[in-house]
Amino acid sequence: MSTTKEAPERSPATRRGETSAGQRGDAVFAALARAAGIVILVALAGVALFLVLQSIPAIGASGNQAYGKDNIVLYVWPLLFGTVLAAIIALVIATPLAIGVALIISHYAPKRIAKPIGYVIDLLAAVPSVVYGLWGREELQGAVRPVYQWLADHLGWIPLFSGPVTTGRTILTAGIVLAVMALPIITALCREVFKQTPRMHEEAALALGATRWEMIKMTVFPYSRSGVTSAVMLGLGRALGETMAVAMVLSASGIITINLISSQNPSTIAASIALNYSNSSGVKSNVLIFGGLVLFIVTFAVNFLGRYVATRGQKRMSR
C-alpha cells in the first residue's frame with residue numbers, strides 16, 4: 001500500500017485568486033518599470049535643456065570671454081579634437097587587450113584561474129579616476145619617457161612620434177590611462193557576449209576538426225560581433241567623458257597636433273571644464289557649459305550608435 005499523501009486539490013476560486021494576485025503584481029512591476037524609464041528620460045531632457053539654455057550667451061563670446069579665442073568655435077574645436085584623439089588612443093590600446101582577456105576567461109583558462117582573473121578585471125572599474133590620475137602623473141609618465149625618447153630617435157620621421165620629448169605627460173600617456181580605465185568595461189561585456197555563443201555551434205566546429213582558435217573565428221566572433229561593437233562603444237563613452245585622470249596627467253597647451261609624444265598637447269573638453277570652472281564667472285561659465293553641451297552631444301551620439309549596432313546585430317542573428 002502506498003503511503004504517499006496526495007496534495008489537496010485547490011478549488012477554482014483559489015486558483016482564480018492566485019491568478020489575479022499574479023496579474024496585479026505584473027501590473028505593479030510594469031508600472032514601476034515604466035515610471036523609472038520616464039524619470040530617466042525627464043532627467044536626460046532636463047540636462048539637455050539646461051545645457052542649451054546656459055550655452056546661448058556663449059555663442060557671441062570672443063576674446064577674453066572665450067579664453068583668448070576669436071569665437072566659440074575656435075575655443076571648442078581644439079578641445080573636441082583632443083577629446084576624440086585621447087579616446088581613439090584609449091580604444092586602440094584597450095580593445096585588443098579586452099577581447100584577448102575576455103577570450104582567456106571564457107574559452108581558454110580553467111575555471112579556477114578564469115574566475116580570479118575576471119574578479120581582478122572587474123575590480124579595476126571600482127578604482128576612482130583620481131587614483132588613475134595620480135598613478136599616471138607620478139609613476140607612468142616617468143616610466144614611459146624613455147620609450148618616447150626611443151620613438152623620437154628611431155621613428156621621428158613619422159608625424160605621430162616627431163617629438164621633441166621633454167616630459168612624459170603627453171596625450172599618449174593620457175590615452176594609456178584612459179585605456180586602463182576603459183578595459184574593465186569592454187572586458188566584462190565581451191566576456192558575457194562570448195559566453196552566450198551557442199554551445200552546439202562550438203561543438204560542431206570542433207567535431208569537424210577545427211582547432212580552438214578556428215572554432216572561435218568561425219562561431220564566437222560572428223555571433224558576438226554586435227555585442228563586441230556595443231562594448232567598444234560604451235568604452236569609448238567612458239573615455240570621452242573622463243575628467244580628472246586626463247586633467248592630472250596631461251600637460252595641455254590647447255593646440256591641434258597629432259604629435260603624441262611632444263610636450264605641446266591638445267586638451268580635452270572635460271579636463272578644460274574641470275580646470276577652469278571654479279575660477280570662471282559670467283560668460284566664461286557659459287563658454288565652458290557650451291563645451292559641456294558639445295561633449296554631451298558627442299557622447300549621446302556614440303552611445304546611440306552603439307545601441308543601434310547592437311540591436312541591428314541581434315535582429316540579424318535571430319533570423
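The values are calculated or read from the model by the stated rules, or taken from the named source; none is laboratory data. Keep in mind the model is a prediction, meaning the values are calculated, not measured. Note that each Cβ is placed from the backbone with ideal geometry, even for glycine, and that neighbours are counted across all protein chains shown.
Values for this structure:
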read-out: Test: residue in region 250-267 that is free of Cβ contacts under 8 Å to residues at least 12 places away in the same chain, hydroxyl-bearing (Ser, Thr, Tyr) and closer than 30 Å to residue 100 by Cα; value: no
read-out: Filtered residue count, region 44-53, keeping only those that are under 17 Å from residue 304 (Cα atoms) and either of a type in the set (Gly, Ala, Ser) or at pLDDT 90 or above (or both); value: 2
read-out: Failed condition for residue 78, given (1) outside the structural domain of residue 257 (by TED's automatic domain parsing); (2) surrounded by 13 or more Cβ atoms within 10 Å (Cβ to Cβ); value: (1)
read-out: Selection from region 51-74 of residues that are without any contact (Cβ under 8 Å) to a residue 12 or more places away in the chain and under 29 Å from the mean Cα position of the chain (by Cα); value: 53, 73, 74
read-out: Residue list for region 124-148, filter: free of Cβ contacts under 8 Å to residues at least 60 places away in the same chain and either more than 26 Å from residue 240 (Cβ to Cβ) or assigned to a helix (DSSP H, G or I) (or both); value: 131, 135, 138, 139, 142, 143, 144, 145, 146, 147
read-out: Test: residue 206 is within 18 Å of the chain's Cα centre (by Cα) and either over 30 Å from residue 87 (Cβ atoms) or modelled with pLDDT of 80 or more (or both); value: no
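Rundown of residues vs (1) more than 15 Å from the chain's Cα centre (by Cα); (2) at pLDDT 80 or above, yes/no style:
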{"position": "235", "(1), (2)": "no, yes"}
{"position": "252", "(1), (2)": "yes, no"}
{"position": "261", "(1), (2)": "yes, yes"}
{"position": "267", "(1), (2)": "yes, yes"}
{"position": "270", "(1), (2)": "no, yes"}
{"position": "286", "(1), (2)": "yes, yes"}
{"position": "301", "(1), (2)": "no, yes"}
